[in-house]
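See structure below.
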Amino acid sequence: MKKINIMLIAFLALSITFVSCNSDDDNTPIVVGEDDTDDDDDGTVDFVGAVYAMTNGEGQVAGNVQGPNTIIAYGRADDGSLTPIGPFATGGNGGDYDGGEGLDPLISAYALTKTDDNQNLLAVNAGSNTITSFNIADDFSLEIAGESLDTGAIGPNSIATTGAVTVNGTRGLVYVSNITRPEFLAGGEPMHQGTITGYWLLDDGSLQAIAGSTRDLPIRPSAVQFSPDGQWLIVASINSGASALGSGSEDELTVYSVGGDGTLSASSVATATSTLRNNAEGRNLPSAIGFQIVGNNYVVVTEAREFQPDGTPPAFPALQDGSVSTWQIQGDGSLTPISLDVASGENNTGRTACWLDFTADGNTFFVSNAIEAGLAAYSFDNGVVTLLDQTAAQGTGTGGADNGPDAFASTEGWIDMWISDDGQFLYQLYGLDGTIGIYRINGQSLELISEESNNLPDTNTQGIVAI
């Protein structure tokens, strides 16, 4: 009996140790038990992918700097459902540079992104002015690689990465855009002028700053992306044409050439915009946010249409239906327009068109309209785009109501989205609800499967990635 008691005590001690090690409020992934998706009866969930969403702080607080930034990770089952597998701190703080309502606080796309080989996740810490790289483990948990690095300006808000440009000891090239430089900070969005800065992604997943890579911008950037071959880096602008912009720039897109040493051309090689100030059509200015470069170097851009035709700042009811415009990058880096200002709705049902992603076949893409909390579906054919359905998916939004500041109190605020690598599911981040909507992709239509809540703050989130 004494021997049995000793064994029992040892077992209980081991059990207590296991529980305590897995209940600490740290970055330890949650151990997932038996589940309907357990295909091999080993007591664990067999995830086929993952979804990562960024808190960008602990919800909205006063000032630009928010609380500690965290990545909420979810394992993705083959039916699209999500299981939390642990929060992972970035080592920096979140930020808010969008005036206080807690929706789209960085006014950007790709605040969180991944490498094409799914080996690394990259995040901005807008309140700390740093960027963090994570290694993605086989079980989809995250581990910080190296140290978070300074970006040299204020409010990093978008990251681009390519494996097409490397030097010895590296796996790719990374560029980050910063919202503004210190001298323009007090002027707010209409006056912001930012920067872009480059890093090498090293073999161990850490980042190394590239000397001489910073370029000052005449606009406030909203997103950066590399062309598929890594030859070009394109920057989109949210405030092009703003009357308060000291540079006077009306450039919606700015193109830089990428050198073999990771630096960019000293100045832009080309620019373009779909709509100039004081245009005859009375259209608001582009206010570009999300974009992708697909196929034969086609650039597909979402346009929120916020700044008014004379360049004055946006205000309800002056917002207009957003749109999509497309260009093709030519051999010299110039941009040839294809489809310009293709509206994402009508009669104010498609305002704030801000993010997009393509289906696996490349023939369809979806655009999220933030205030309306809906997704519009477009067809794509060699750069020519056509609106198929302005409400391919619909949540709780404002519709066409011109209800001023109340718009932000009565909408889920659909912001960033990402389609899974297998092309089967679209994951939509609700920016004012702390929820991820899960949609099955059926050709050119969407089917709501479920929603995942209770892990993200209700406000101030930014960035989502699906694998």
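The values are calculated or read from the model by the stated rules, or taken from the named source; none is laboratory data. Fair warning: this is a prediction, and the values are worked out from it, not measured in the lab. Note: ideal-geometry Cβ built from the backbone for every residue, glycine included; neighbour counts use all protein chains shown. Note: areas computed on protein heavy atoms with side chains; ligands, DNA, RNA excluded. Shrake-Rupley method; radii C 1.70, N 1.55, O 1.52, S 1.80 Å.
Mind checking which residues of the stretch 286-304 are open to solvent by less than 10 Å² (accessible area, probe 1.4 Å) and under 29 Å from GLY331 (Cβ atoms)?
Passing the criteria: PRO286, ALA288, ILE289, GLY290, PHE291, VAL299, VAL300, VAL301, THR302, GLU303.
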(request) Return the residue satisfying two criteria in turn: it lies in the stretch 145-159 and is assigned to a loop (DSSP other than H, G, I, E, B) and of a type in the set (S, T, N, Q), and of such residues it is most open to solvent (accessible area, probe 1.4 Å). (result) SER148
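So which residues in the stretch 417-429 are among the hydroxyl-bearing types (Ser, Thr, Tyr) and surrounded by 23 or more Cβ atoms within 10 Å (Cβ to Cβ), if there are any at all? Give the derivation first.
Of all residues in the stretch 417-429, those among the hydroxyl-bearing types (Ser, Thr, Tyr) come to 420, 427.
Within the stretch 417-429, just TYR427 meets the criteria.
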(request) Looking for whichever is touching a Pro at 6+ places or on another chain (Cβ under 8 Å) and either of a type in the set (S, T, N, Q) or open to solvent by 30 Å² or more (accessible area, probe 1.4 Å) (or both) here; the options are GLN308, GLN330. Which one fits? (result) GLN308
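Just to check your reading of the model, which residue among ASP216, ASP261 is farther than 29 Å from ASP310 by Cβ and charged (D, E, K, R)?
Working: ASP216 fails: farther than 29 Å from ASP310 by Cβ.
Being farther than 29 Å from ASP310 by Cβ and charged (D, E, K, R) holds for just one of ASP216, ASP261, which is ASP261.
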(message) Given (1) of a type in the set (Gly, Ala, Ser); (2) more than 24 Å from MET191 (Cβ to Cβ); (3) under 16 Å from the mean Cα position of the chain (by Cα), identify the lone condition not met by ALA111.
(response) (2)
(request) Just one of (1) over 19 Å from ILE436 (Cα atoms); (2) assigned to a strand (DSSP E or B) trips up PRO84, so point out which. (result) (1)
(request) Select from the stretch 437-457 the residues that are more than 19 Å from the chain's Cα centre (by Cα) and open to solvent by less than 30 Å² (accessible area, probe 1.4 Å) and list them in ascending order. (result) ILE441, LEU446
(request) Examine the stretch 388-401 for a residue that is open to solvent by 30 Å² or more (accessible area, probe 1.4 Å), of a type in the set (Val, Ile, Thr) and more than 16 Å from the chain's Cα centre (by Cα), and state whether such a residue exists. (result) yes
(request) May I ask you to say which residue of GLY172, GLY241, GLY198 is buried (at least 17 other Cβ atoms within 10 Å of the Cβ), part of a loop (DSSP other than H, G, I, E, B) and small (Gly, Ala, Ser)? (result) GLY241
(request) Check off (1) within 25 Å of ASN278 (Cα to Cα); (2) open to solvent by 30 Å² or more (accessible area, probe 1.4 Å) for ALA409 and give me the number that stays unchecked. (result) (1)
(message) Name the single residue that is nearest to the chain's Cα centre (by Cα) among those in the stretch 246-258 being part of a loop (DSSP other than H, G, I, E, B) and either surrounded by 24 or more Cβ atoms within 10 Å (Cβ to Cβ) or among the acidic types (Asp, Glu) (or both).
(response) GLU252
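Can you confirm whether the stretch 238-250 contains a residue that is among the β-branched types (Val, Ile, Thr) and over 18 Å from GLY155 (Cβ atoms)? Explain how you work it out, then say what you get.
To start, the set of residues in the stretch 238-250 that are among the β-branched types (Val, Ile, Thr) comprises 238.
From the residues that got through so far, the ones that are over 18 Å from GLY155 (Cβ atoms) too are none.
No - not one qualifying residue is present in the stretch 238-250.
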(message) Go through the stretch 298-333 and report how many residues are touching a Phe, Trp or Tyr at 6+ places or on another chain (Cβ under 8 Å), in a loop (DSSP other than H, G, I, E, B) and more than 15 Å from ILE371 (Cβ to Cβ).
(response) 2
(message) Condition first: touching a strand residue (DSSP E or B) at 6+ places or on another chain (Cβ under 7 Å) and aromatic (Phe, Trp, Tyr). Can you find one or more residues in the stretch 311-325 that meet it?
(response) no
(request) Mind listing just one residue for me: the one in the stretch 117-144 that is surrounded by 24 or more Cβ atoms within 10 Å (Cβ to Cβ) and among the hydroxyl-bearing types (Ser, Thr, Tyr) and, of those, nearest to ASP98 (Cα to Cα)? (result) THR132
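Per-residue answers, yes or no, for (1) closer than 19 Å to CYS354 by Cβ; (2) modelled with pLDDT of 95 or more; (3) hydrophobic (A, V, I, L, M, F, W, C):
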{"position": "GLU372", "(1), (2), (3)": "yes, no, no"}
{"position": "LEU387", "(1), (2), (3)": "yes, yes, yes"}
{"position": "ASP406", "(1), (2), (3)": "no, no, no"}
{"position": "ASP416", "(1), (2), (3)": "yes, yes, no"}
{"position": "TYR427", "(1), (2), (3)": "yes, yes, no"}
{"position": "GLY431", "(1), (2), (3)": "yes, yes, no"}
{"position": "THR435", "(1), (2), (3)": "yes, yes, no"}
(request) List the number of the failed condition for THR336; all other conditions in (1) open to solvent by 30 Å² or more (accessible area, probe 1.4 Å); (2) within 16 Å of ARG305 (Cα to Cα); (3) of a type in the set (Ser, Thr, Tyr); (4) in a strand (DSSP E or B) hold. (result) (2)
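Report the residue count in the stretch 182-195 for those that are touching a strand residue (DSSP E or B) at 6+ places or on another chain (Cβ under 7 Å), within 26 Å of PRO309 (Cα to Cα) and open to solvent by 20 Å² or more (accessible area, probe 1.4 Å). Give the derivation first.
Quick first cut of the stretch 182-195, residues touching a strand residue (DSSP E or B) at 6+ places or on another chain (Cβ under 7 Å) only: 182, 185, 192-195.
Still in the running and within 26 Å of PRO309 (Cα to Cα): 185, 192-195.
Next, from what is left, pick out any that are open to solvent by 20 Å² or more (accessible area, probe 1.4 Å): 185.
Within the stretch 182-195, residues that are touching a strand residue (DSSP E or B) at 6+ places or on another chain (Cβ under 7 Å), within 26 Å of PRO309 (Cα to Cα) and open to solvent by 20 Å² or more (accessible area, probe 1.4 Å) number 1.
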(request) Name the residue, out of ALA376, ALA360, ALA343, that is under 16 Å from GLY399 (Cα atoms) and either open to solvent by 10 Å² or more (accessible area, probe 1.4 Å) or touching a Pro at 6+ places or on another chain (Cβ under 7 Å) (or both). (result) ALA343
(request) Could you tell me which residue of the stretch 294-348 is nearest to the chain's Cα centre (by Cα), considering only residues that are among the acidic types (Asp, Glu) and farther than 30 Å from GLY187 by Cβ? (result) GLU346
(request) Kindly check whether there is at least one residue in the stretch 89-105 that is open to solvent by less than 10 Å² (accessible area, probe 1.4 Å), in contact (Cβ under 8 Å) with a residue 60 or more places away in the chain, assigned to a strand (DSSP E or B) and in contact with a Phe, Trp or Tyr (Cβ under 9 Å, 6 or more places away or on another chain). (result) no
